[in-house]
Amino acid sequence: MRTIDWVDGAVEIIDQTALPEHTRVLRLSTVDELVDAIRRLAVRGAPALGVAGALGVALAARQYPDQARLAAAVEAVRTARPTAVNLARGANRAAARLARGRDAVLAEALRVRDEEIARSAAQARLGADLVTELCGPAPRLLTHCNTGALAAVVGGTALSVVAELHRRGALRGVVASETRPLLQGARLTAWELRQLGVPFQLAVDSAGPFLMARGEVDAVILGADRICANGDVVNKVGTYAHALGAARAGIPFLVVAPESTVDTATAEGAAVPIEDRGRDEVLHFHGARTAPDGVDAVNPAFDVTPHDLVTAIVTDQRVIRLDKGDALA
């Protein structure tokens, strides 16, 4: 099952807000429906968002013959979430074909989808080779947020490496952090790891650095929503703390993301707009309030890990060893 696809004139997605209790497919026939799905995280993950951006423009080209409304719809898709670079890139690629007609737009959007599928397989091979080189034949890895097929189309980024190591018999196990406040690790990564048959344990986010300090983690491996020209990594909030823990413990900190996530036009992480998703996600869970009335909250969805804390970046095309002075560009 693909996380996101084009089926008979509409976008179909696995509704990630329903997992793990229900595996529900949503059929999105309008731009407004797709934008809403992106904003409420029914579809999420940088590669999947790139595909969503491209397919959203394909929807817009069918829905709006009027040029002004079409342009507004494309912009709504492009800006539905601000931090992950893939969303705008996917939308821009498809929008560049608008002058050639809606069939050309759809063809480009499907190319974006197919490229992400191929990238997952390539990342898995390169990443598994690197992990084995750095950590030996049976490491225990810590991962954060969700980086499997749900975050891509199939396969995934960091979790595709985990799956490849498991297939090779070269993995002792995984620690998956819960990923507050919406528990993408507990809900989504745990669901995917069970499907893969990978041995794993779930841990609260703040336990990660302590587990590293006790020697119970051999490397951290996770994805990215944007990788800047200097190697700074923008990823789900909590990533920076794991990077600090890895540096203190002297273990590799590895980032796996497709070339479509590398943004050499942005010099450093400080220049990236960090989405704040509002107080309700922190003060409530599953509709129930978890903090006293009158309490305020801050909720950055992402953080920035400085490049000097990153051991290596694995894309579908290359391995960039930042610890050895490799440059992205």
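A simple count of charges around A128, restricted to other residues whose Cβ falls under 10 Å of its Cβ and scoring Lys, Arg +1 and Asp, Glu -1, yields 0. For the stretch 17-90, GluC sites (Glu not before Pro) meeting the loop criterion (DSSP other than H, G, I, E, B) and having at most 14 other Cβ atoms within 10 Å: E21. Projecting the Cα atoms of A88, V77, V153 onto the dipole axis of the stretch 53-172, where Lys and Arg carry +1 and Asp and Glu carry -1 at the beta carbon, places V77 farthest toward the positive end. Take every pair of alpha-carbon atoms less than 8 Å apart whose residues are at least six positions apart; their mean separation over the length of the chain yields a relative contact order of 16 percent. Taking the chain as a Gaussian network of alpha-carbon nodes connected by springs under 10 Å, the highest mean-square fluctuation of the residues L28, L142, L150 belongs to L28.
Charged neighbours of L165, selected by a Cβ distance under 13 Å, balance to +1 (K, R count +1; D, E count -1). Between the C-alpha center of the stretch 234-267 and that of the stretch 95-170 there is a gap of 16 Å.
Look at T315, T189 and count the other Cβ atoms within 10 Å of each Cβ; fewest to most, that gives T315, T189. When only the Cβ of Lys, Arg, Asp and Glu is charged (+1, +1, -1, -1), the dipole of the stretch 102-172 relative to its Cα centre reaches about 280 debye. For helix 102-135, what angle does its Cα long axis make with the longest principal axis of the chain, in degrees from 0 to 90 and rounded to 10? In the chain, helix 102-135 runs at an angle near 0 degrees to the longest axis. Applying both filters, DSSP loop and at most 15 other Cβ atoms within 10 Å, to the trypsin sites (Lys or Arg not before Pro) of the stretch 166-267 gives R172, R214.
For the chain, adding -39500 (n - 2.57) for each run of n ≥ 4 DSSP H residues and dividing by the number of residues yields -11500 deg cm²/dmol at 222 nm.
With K and R counted +1 and D and E -1, the other residues having a Cβ less than 13 Å from that of G215 yield a net charge of +2. Note on the stretch 2-32 and the stretch 174-193: Cα centroid distance 20 Å, given to the nearest whole angstrom. Of the two radii for the stretch 193-291, the radius of gyration is 1.02 times the Kirkwood radius, both from the alpha carbons; that is the Rg over Rh value.
Values quoted throughout were computed directly from the atomic coordinates according to the rules given, and no laboratory measurement underlies them. Predicted model, so just to flag it, every value in this text is computed and none were measured. Every residue, glycine among them, receives a Cβ derived from its backbone with ideal geometry; neighbour counts consider all protein chains shown.
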